[in-house]
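Got a structure for you, written out below as structure tokens; questions coming shortly.
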Amino acid sequence: MDSVTEFAKMFRERENKHYAGPQIGVVVELAPYSIKISLDNQILLTKKQLIIPDKLINATAGVFQLQLGDEVILIPSTDEQIYFLIDKVVRI
């Protein structure tokens, strides 16, 4: 493969990155200053991988305003290493 073709291939791969979009996670573990959220029973996110809004945590006590089994909206960063926890959701 010549260098021009290889260069074009690299651009194509770069532009077609998979983006997961918003996802629903389930709170599977809660303790003061600790939380774990499951994504599709395959990925387990810990507090180090989560950005959590202050309305969902009492920072001085480390208590989350969530319960086990709660569903939450998560938006991944572009590299999917960090997830932004947007809010708790309910199904009706």
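Can you tell which of Gln67, Val89, Ser38 lies farthest toward the positive end of the dipole of the range 20-89, using +1 and -1 charges on the Cβ of basic and acidic side chains (Lys, Arg; Asp, Glu)?
Gln67
Length gain on complete extension for the stretch Glu6 to Lys47, per 0.36 nm per residue less the alpha carbon to alpha carbon distance? Don't jump to the answer; show the numbers that get you there.
Values: separation 41, 0.36 × 41 = 14.76 nm, distance 4.01 nm.
Using 0.36 nm per residue and subtracting the Cα-Cα distance, I get 10.7 nm.
Nothing charged except the Cβ atoms of Lys and Arg (+1) and of Asp and Glu (-1): what's the magnitude of the dipole of the range 49-92 about its Cα centre? Round to the nearest 20 debye.
Working: 3 positive and 6 negative charges, 37 e Å.
It works out to roughly 180 debye.
While we're here: Below 8 Å between Cα atoms, with a sequence gap of 6+, how large is the relative contact order for the chain in percent? All intermediate terms of the calculation are to be shown ahead of the outcome.
Values: 138 pairs, mean separation 24.5, N = 92.
Worked out over the chain, it gives 27 percent.
Something else: How big is the chain in terms of Cα radius of gyration and Dmax, in angstroms?
Calculated on Cα positions, Rg and Dmax stand at 17.8, 61 Å.
Okay, next question. Would you calculate a helix-derived [θ] at 222 nm for the chain, using -39,500 (n - 2.57) for each DSSP H run of n ≥ 4 and dividing by the full residue count, to the nearest 500?
Details: 1 runs with 13 residues, N = 92.
My calculation for the chain gives -4500 deg cm²/dmol from helical runs alone.
For the range 80-92, take each phi angle, set θ = phi - 60°, evaluate the Karplus expression 6.51 cos²θ - 1.76 cosθ + 1.60, and give the result in whole Hz per residue in order, putting x for glycine and proline.
6, 9, 10, 10, 8, 7, 7, 5, 7, 10, 10, 9, 10
Just to confirm the number: angle between the C-alpha axis of helix 3-15 and the first principal axis of the chain, 0 to 90 degrees, nearest 10?
Roughly 20 degrees between the two axes.
Apply the Karplus parameterisation 6.51 cos²θ - 1.76 cosθ + 1.60, with θ equal to phi minus 60°, to every residue of the range 60-72 and state each ³J(HN,Hα) to the nearest whole Hz, in sequence, with x for glycine and proline.
The phi angles translate into 6, 9, x, 9, 7, 8, 10, 10, 4, x, 4, 9, 9 Hz.
In debye, nearest 20, what is the charge dipole magnitude of the chain about its Cα centre with +1 on Lys and Arg Cβ and -1 on Asp and Glu Cβ, if you could check? All intermediate terms of the calculation are to be shown ahead of the outcome.
Working: 10 positive and 12 negative charges, 43 e Å.
For the chain, the charge dipole is close to 200 debye.
Using 1/(1 + (r/R0)^6) with R0 = 35 angstrom and r between the beta carbons of Ala20 and Val63, what's the FRET efficiency to the nearest 0.05?
Details: r = 29 Å, r/R0 = 0.84.
For R0 = 35 Å, the calculated efficiency reads 0.75.
Every read-out reported here was derived from the displayed coordinates using simple, explicitly stated rules and does not represent laboratory data. Nothing here was measured: the structure is a model prediction, and the numbers come from that model. Virtual Cβ from ideal backbone geometry, glycine too; neighbours counted across all protein chains shown.
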